[in-house]
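Comments concern the structure below.
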Amino acid sequence: MGLYDIPFQAMDGSTHTLGEHRDDVVMVVNVASRCGLAPQYATLESMQKLYGERGFQVVGFPSNQFLQELGSNEAVQEFCSTTYGVTFPVVDRVRVNGRHAHPLYTELKKTPDADGKAGRVTWNFEKFLVLPGGEVHRFRPRTLPDDPAVVELVEQHLPR
C-alpha cells in the first residue's frame, strides 16, 4: 500500500486518504493542544489561508504520544477552532511511534530529516511535507511551518 492509499479517520468517523490531495502539497503534522509548540497552529492556519486555494493542504493529526493532547476529539476540535481559528482538517487522534503507530506515520517516518536522520517522531509538531507525486520532506518540531526552507518547497511545488 502506497502513501496515498493509507486510510485515516476524520473526527466525524469518515475515512480519508492523502490520495484525495495527490496533486496538492500536503503538510502532515502531529499536533498537541497542551504543547508549548501549540502556537504553531496559528502559523499552520496562516499558511493554509495563504496557499490553500493554490493547492496546499495542512492535515493535523492529534497525538497524545507525548502526553500533551486533550482527552477527546471534541475538546481538541474546540481548542483548535476557538484558540487558533483552525479551518484545516484536524483528524482522529493517532499514535505516531511504537508498535501501534498509525500506518501513515510508519510510512512517513522512513523519510530522513535535513541531517539524514529517519525514524521516531521526536516531539509534537513534527512536519512532513508531501509533494505532488509523493516525495516527502521532513521537518523537526522546532522548525516553524513558515521557515524559509519549508516555504520555498511549498511555493516550488504548488500545482496551481
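The values are calculated or read from the model by the stated rules, or taken from the named source; none is laboratory data. Predicted model only: the values in this text are computed from it and were never measured. All Cβ positions, glycine included, derive from the backbone under ideal geometry; neighbour counts span all protein chains shown.
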(Q) Looking only at the range 77-96, how many residues end up being without any contact (Cβ under 8 Å) to a residue 60 or more places away in the chain, over 19 Å from Leu144 (Cβ atoms) and not in a loop (DSSP other than H, G, I, E, B)? (A) 4
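What residue, among those in the range 110-156 that are among the hydroxyl-bearing types (Ser, Thr, Tyr) and out of contact with any His (no Cβ under 8 Å at 6 or more places or on another chain), is surrounded by the most Cβ atoms within 10 Å (Cβ to Cβ)? Even if it seems obvious, please write down each step before you answer.
Within the range 110-156, the subset among the hydroxyl-bearing types (Ser, Thr, Tyr) is 111, 122, 143.
Add one more test, that the residue is out of contact with any His (no Cβ under 8 Å at 6 or more places or on another chain), and what stays is 122, 143.
Numbers: Thr122: 14, Thr143: 17.
The extreme case among them is Thr143.
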Q: Please go through the range 57-73 and pick out each residue that is over 18 Å from Glu126 (Cβ atoms) and in contact (Cβ under 8 Å) with a residue 24 or more places away in the chain.
A: Leu70, Asn73
Q | Residue that is surrounded by the most Cβ atoms within 10 Å (Cβ to Cβ) [pool: residues in the range 20-52 that are assigned to a helix (DSSP H, G or I) and among the acidic types (Asp, Glu)] | A | Glu45
Q. How many of the residues making up the range 61-74 are modelled with pLDDT under 95 and either among the hydroxyl-bearing types (Ser, Thr, Tyr) or not in a loop (DSSP other than H, G, I, E, B) (or both)?
A. 3
Q) If only one of Pro103, Pro89 is surrounded by fewer than 19 Cβ atoms within 10 Å (Cβ to Cβ), of a type outside the set (Val, Ile, Thr), under 20 Å from Gly134 (Cβ atoms) and under 13 Å from the mean Cα position of the chain (by Cα), which one is it? A) Pro89
